[in-house]
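What follows is a single structure, written as structure tokens, with notes after it.
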Amino acid sequence: MKMSSKARYGLYTVVALSGRYGQQPVPVSELATCTGVTEKYLEQILALLKKDGIVEATRGSNGGYTLAAPPEQISVGRVLRCLEDDLKIVQCIGGTCKASCTCVSHNLWAKLYNNINEFLDGITLKQLSEDKI
């Protein structure tokens with residue numbers, strides 16, 4: 001499984017926001033500079049994060065983005081699922097496999113999917129930003 005640039009940049013962005021939790025909103029231009037991504041692409045990522053309730057947007061001259069909850073309450077798994085199509089490693093994880101009852105690898109993929117999600121859900125943005133994983 002390979003994470004998309006959208007997931008990587010989204011994670012960089014929320015980690016940057018976690019370091020500024022409780023402070024003024026961070027402008028997109030500043031987030032783009034610290035993450036190394038264009039503002040246009042970052043706006044697309046932030047729209048997904050906002051839709052999922054991970055970040056909040058403030059308009060106006062002092063506008064920008066903040067985390068919607070404390071960094072210790074947001075898991076890396078939640079962020080990545082928001083940006084990576086629920087982290088489904090194969091199509092049959094979503095229940096769309098017609099051969100799930102006879103597929104010899106279905107249980108393998110299901111267990112791998114569960115282990116990945118459990119691991120990522122066990123790491124908060126605070127832990128990641130403090131490099132304590």
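Backbone amide hydrogens, once placed in the peptide plane, bring residue 74 within less than 5 Å of 125, 126, excluding anything fewer than 5 places away on its chain.
Would you mind checking the pairs 6/88; 6/126; 40/126; 50/126; 50/88; 40/111 and listing those with alpha carbons more than 25 angstrom apart?
Details: 6/88 16 Å; 6/126 20 Å; 40/126 27 Å; 50/126 19 Å; 50/88 21 Å; 40/111 37 Å.
In this structure, 40/126; 40/111 lie more than 25 Å apart at Cα.
Which of rounded, prolate, oblate describes the chain, given a ≥ b ≥ c as roots of the alpha-carbon gyration tensor eigenvalues and a/c under 1.5 marking rounded, otherwise prolate only if a/b is larger than b/c? Note, shape of the chain comes out prolate. Accessible area per residue for the chain is 61 Å², calculated with a 1.4 Å probe on protein heavy atoms, without ligands, DNA or RNA. Only one residue of 31, 113, 58 has its Cα farthest out toward the positive end of the dipole of the chain, where Lys and Arg carry +1 and Asp and Glu -1 on Cβ, and that residue is 113.
Solvent-accessible area of residue 56, all protein chains in place: 90 Å² (probe radius 1.4 Å, heavy atoms, ligands and nucleic acids excluded). The H on the amide N of residue 68, modeled in the peptide plane, is under 5 Å from the matching H of 55, 56, each at least 5 residues off or on a different chain.
Ligands, DNA and RNA excluded, the heavy atoms of residue 8 present near 100 Å² of accessible surface to a 1.4 Å solvent probe.
Surface listing: 9, 113 arranged by accessible area from highest to lowest gives 9, 113, probe 1.4 Å. Tell me what the chain gives for mean residue ellipticity at 222 nm when only DSSP H runs of n ≥ 4 count, each as -39,500 (n - 2.57), the sum divided by the residue total, rounded to 500 deg cm²/dmol. Here the helix-only value at 222 nm equals -14500 deg cm²/dmol. Given the options 44, 91, 73, state which has the largest fluctuation in a GNM of the chain using a 10 Å cut-off (strictly under) for Cα springs. Among 44, 91, 73, the largest mean-square fluctuation in the Gaussian network model of the chain belongs to 91.
Counting only protein chains, not ligands or nucleic acids, how are 74, 133 ordered by accessible area (probe 1.4 Å), most first?
Values: 74 0, 133 125 Å².
Order by accessible area, largest first: 133, 74.
Let me make sure I get this right: for segment 35-75, a, b and c are the square roots of the gyration tensor eigenvalues over alpha carbons, sorted descending. Under 1.5 in a/c it's rounded, otherwise prolate if a/b > b/c, else oblate. Which is it? If you can, show how the numbers build up before the last one.
Numbers: a/c = 1.82, a/b = 1.29, b/c = 1.41.
Verdict is oblate for segment 35-75.
Solvent-accessible area assigned to carbon and sulfur over segment 18-133 amounts to 49 percent, based on a 1.4 Å probe. Residue 82 contributes about 30 Å² of solvent-accessible surface, heavy atoms of the protein only, 1.4 Å probe. Extension gain for residue 58-residue 115 works out to 16.9 nm (0.36 nm per residue, less the C-alpha to C-alpha distance). Let me make sure I get this right: for segment 1-78, a, b and c are the square roots of the gyration tensor eigenvalues over alpha carbons, sorted descending. Under 1.5 in a/c it's rounded, otherwise prolate if a/b > b/c, else oblate. Which is it? Oblate shape, in that a/c is at least 1.5 and b/c is the bigger or equal ratio. In the chain, Cα pairs under 8 Å separated by at least six residues give a relative contact order of 30 percent. Under the convention that each Lys and Arg Cβ holds +1 and each Asp and Glu Cβ holds -1, the size of the dipole of segment 25-133 around its Cα centre is about 320 debye.
The values are calculated or read from the model by the stated rules, or taken from the named source; none is laboratory data. Note that the coordinates shown come from a computational prediction; the quantities given were computed from them, not determined experimentally. Please note: Cβ atoms are built from the backbone with ideal geometry, for glycine as well, and neighbour counts cover all protein chains shown. Quick note on the areas: whole protein, heavy atoms, side chains included, nothing else; ligands and nucleic acids left out. Shrake-Rupley method; radii C 1.70, N 1.55, O 1.52, S 1.80 Å.
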